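Report on the following structure.
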Amino acid sequence: MLKSLLESRHLPPLPEENPRQTMLSLLAREVYGVSPAAPDAIHAHIESDEPAFGGKARLRRIRISFDTPAIPFSFPYMLLTPADGRAHPAFAAINFEPAIPHKYLPAEEIIDHGYALACLYYQDITSDSGEWDGLAMCYPRNENTGWGKIGMWAFALSRVMDDLQTRPEIDGKRICVTGHSRLGKTALWCAAQDERFSMAVSNDSGCAGAALARGNTGERVRNIVTRFPYWFCGNYAAWADREAEMPFDQHMLLALLAPRRLYVSSAREDAWAHPENEFLSCVAASDAWRACGLEGLSTPDSMPQDLSPLHRGHIGYHIRPFGHFFSRTDWLMHMAYRDMHRV
C-alpha cells in the first residue's frame, strides 16, 4: 500500500553521489536560501538567573551577541534547567511566544522528565513579516538565492547551540531542536545544516516542512509563497503550480537528518498540513537511513492509527486527533521517544 502511494507521487530519488551536499545545496538554492557562515565567535551574557517552579529548576535569561558584516547583533534566549547540578539532555525550542510556560510549551512537565529547555522567541531575531528588520538587516542578500526568514531563525538556533555547548548543566551531545508549524520547518532546516543537533522534531510543519509537495491537497507552493514569500529565497516562487517538475521534494529535507534521529508528528484534522504527506515523506526519507545500515521509519504497510506512535526506528512518528496545535500529547510522545533511545 505505501509503495503504491509513494509511486503515485513520482518523487525524485535521493541522490546516490555525495547525497548530503547535493541535497543541502539544492534546498538552499531553491527553497530556503543560502545562509551566511557562522560568526567567528559569539559572546553570551547572563542577564538574569532565578529559581523557577518552586526551586526545582533555574531560569536564566541569556543574551547572545556576535559581529555581522553590518553591525553587532544580539538576541536573548531563556534557559530552564533542573536544579540538581547534573548535565541534562535538552530541547532547543523555537517559540511563538516569549513566555515560559505558554500554550505550546508545558515547561514544568518537560523539566520533570529530566530535560533542560532552551527557548528562543522567533521574532526577537527578525519579524514574521515582509520587513527586512533585525538580523535581516545585517547581511547582504541575493534576491534569488539569499536566505529567507526561516533560514534566519534557523541561524539563530545554531547560535543558541554554540552557547549550549559551553554550559555544564547541558549534555551537549543530546540536544534536540524542535518547533511547530512554520517553526517546525525552521527546526528541520536548522538541524539539516547543523549536525551538532542529535535530533529534530517537526510538529505539524506541513508545506515546505515535513510534507511532500507532490500530491498535496492542503497548502501548496503557490499558497505559501503568495502569503509568506519572505520565509524563502526568491527562487522558490518559480515552483508555484510546478511541484511535479521540482528536482527535489521534502523527503530530501528529512533525509538530511540521517544518521541522526528525527521525529515528525501530525494532527488528524490538520488538513492544511496534509498529515498523509508528512507520513509518506518519512517513508520516502527512510532510504537515507538504510544507506547508513540503520532503520528509518519502522511501520506496517499503512499509516498508523491515532495515538499509536511508531517509535522503533531512527525516525519517530505519531498522529493524534484534532487540529493544528503543539499539544501536551505531542510533547509526551517526543519525550517518550527520546527516553527510549537516550538521544
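The values are calculated or read from the model by the stated rules, or taken from the named source; none is laboratory data. Quick caveat, the model's predicted, so the values are computed rather than measured. So basically every Cβ, Gly included, is an ideal-geometry build from the backbone, and we count neighbours across all protein chains shown. What goes into the accessible areas is simple: the full protein's heavy atoms, side chains included, and nothing from ligands, DNA or RNA. Shrake-Rupley method; radii C 1.70, N 1.55, O 1.52, S 1.80 Å.
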Any hit, segment 272-284, residues being out of contact with any helix residue (DSSP H, G or I) (no Cβ under 6 Å at 6 or more places or on another chain) and in a loop (DSSP other than H, G, I, E, B): yes
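Go through the residues of segment 39-54 one by one and say whether even a single one is open to solvent by 60 Å² or more (accessible area, probe 1.4 Å) and in contact (Cβ under 8 Å) with a residue 60 or more places away in the chain.
No, there is no match, as no residue in segment 39-54 is open to solvent by 60 Å² or more (accessible area, probe 1.4 Å) and in contact (Cβ under 8 Å) with a residue 60 or more places away in the chain.
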Criterion (buried (at least 20 other Cβ atoms within 10 Å of the Cβ) and not basic (K, R)) met by exactly one of A336, A273: A273
Matching residues, segment 65-93, being more than 28 Å from H341 (Cα to Cα) and either assigned to a strand (DSSP E or B) or of a type in the set (D, E, K, R) (or both): S65, F66, D67, F73, S74, F75, P76
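Listed here are the residues, each with its yes/no results for (1) within 17 Å of the chain's Cα centre (by Cα); (2) of a type outside the set (S, T, N, Q); (3) surrounded by fewer than 18 Cβ atoms within 10 Å (Cβ to Cβ).
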site: F66; (1), (2), (3): no, yes, no
site: P72; (1), (2), (3): no, yes, yes
site: A87; (1), (2), (3): no, yes, yes
site: E97; (1), (2), (3): yes, yes, yes
site: E108; (1), (2), (3): no, yes, yes
site: I125; (1), (2), (3): yes, yes, no
Within segment 211-227, tally of residues that are crowded, with 18+ Cβ neighbours inside 10 Å and out of contact with any Asp or Glu (no Cβ under 8 Å at 6 or more places or on another chain): 4
Flag if M23 is in a helix (DSSP H, G or I) and either surrounded by fewer than 19 Cβ atoms within 10 Å (Cβ to Cβ) or at negative phi (or both): yes
Single match in F322, F326 (criterion: at positive phi and not in a helix (DSSP H, G or I)): F322
Residues satisfying the stated conditions in segment 120-169, i.e. among the aliphatic types (A, V, I, L, M), in contact with an Asp or Glu (Cβ under 9 Å, 6 or more places away or on another chain) and more than 23 Å from I224 (Cβ to Cβ): M161
